[in-house]
1. Relative contact order of the chain, please, whole-number percent, based on alpha carbon pairs below 8 angstrom and at least 6 residues apart.
2. Using only C-alpha atoms and all pairs of different ones, pull out the Kirkwood radius for the stretch 1-122 in Å with one decimal.
3. Answer with one residue from 36, 73, 61: the one whose Cα lies farthest towards the positive end of the charge dipole of the chain, charges on Cβ with Lys, Arg +1 and Asp, Glu -1.
4. For the stretch 91-143, run through the GluC sites (Glu not before Pro) and keep only the ones in DSSP coil with at most 12 other Cβ atoms within 10 Å of their Cβ.
5. For the stretch 1-77, state which chymotrypsin sites (Phe, Trp or Tyr not before Pro) are in a DSSP loop and have at most 16 other beta carbons lying within 10 Å of their beta carbon.
6. Take the chain, connect every pair of alpha-carbon atoms lying under 10 Å apart with a spring to form a Gaussian network, then pick out the residue of 119, 61, 34 with the largest mean-square fluctuation.
7. Apply the Karplus curve 6.51 cos²θ - 1.76 cosθ + 1.60, θ = phi - 60°, to the phi angles in the stretch 90-99 and return the couplings in whole Hz, x for Gly and Pro.
8. Roughly what % of Cα-Cα distances in the stretch 68-143 sit above 17 Å, to the whole percent?
Amino acid sequence: MDLWLIWLIVAALLAVAEIFTLTAALGMLGVAALVTAVCAAFGLPLAFQFLVFAVVATVTLLFVRPLAVRYVLQPQGARFGIDALVGRAAYVVSEVSGLDGRVRIDGEEWTARAYDETLVIPPGKTVDVIEISGTTAFVYPRD
């Protein structure tokens, strides 16, 4: 069996293993094996093939993998619409209970209910928006 084919099989196995681990390390080693397979196809001696594999693996693991991991672990982008209101402060306009009430969020009035149905929040209090369901804000008082 030709050496380039062995390197190609190793690259494929590492790529499949990467799919199951999602660490990016095995993927980088797979890339190194693929580059080595190309070099082996051009007739590079075995000792130099191992050198190429080691150099490419080192470079990708030290420089490319941190960039890939940072990209994957980026915080979620900006929230829009009603999702942006969750976590915001609101001003209680009329008494909020487990059944009904009104709050002002960023200048707009919303129907509201207490997140804890046993609470009654008097007007004038500041509350946090915990959840939005339809046109109703579920709120919890700040203490």
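1. So the answer I get is 15 percent.
2. For the stretch 1-122, the Kirkwood estimate is 19.0 Å.
3. 36
4. 117
5. Qualifying residues, ordered by number: 42.
6. 119
7. Rounded to whole hertz, the list is 9, 10, 6, 8, 10, 2, 10, 10, x, 9.
8. So the portion of pairs separated by more than 17 Å is 41 percent.
The values are calculated or read from the model by the stated rules, or taken from the named source; none is laboratory data. Just so it is clear, the model here is predicted, and its values are computed rather than measured. Cβ coordinates were reconstructed from backbone atoms using ideal geometry, including for glycine residues, and neighbour counts include every protein chain displayed. What goes into the accessible areas is simple: the full protein's heavy atoms, side chains included, and nothing from ligands, DNA or RNA. Shrake-Rupley method; radii C 1.70, N 1.55, O 1.52, S 1.80 Å.
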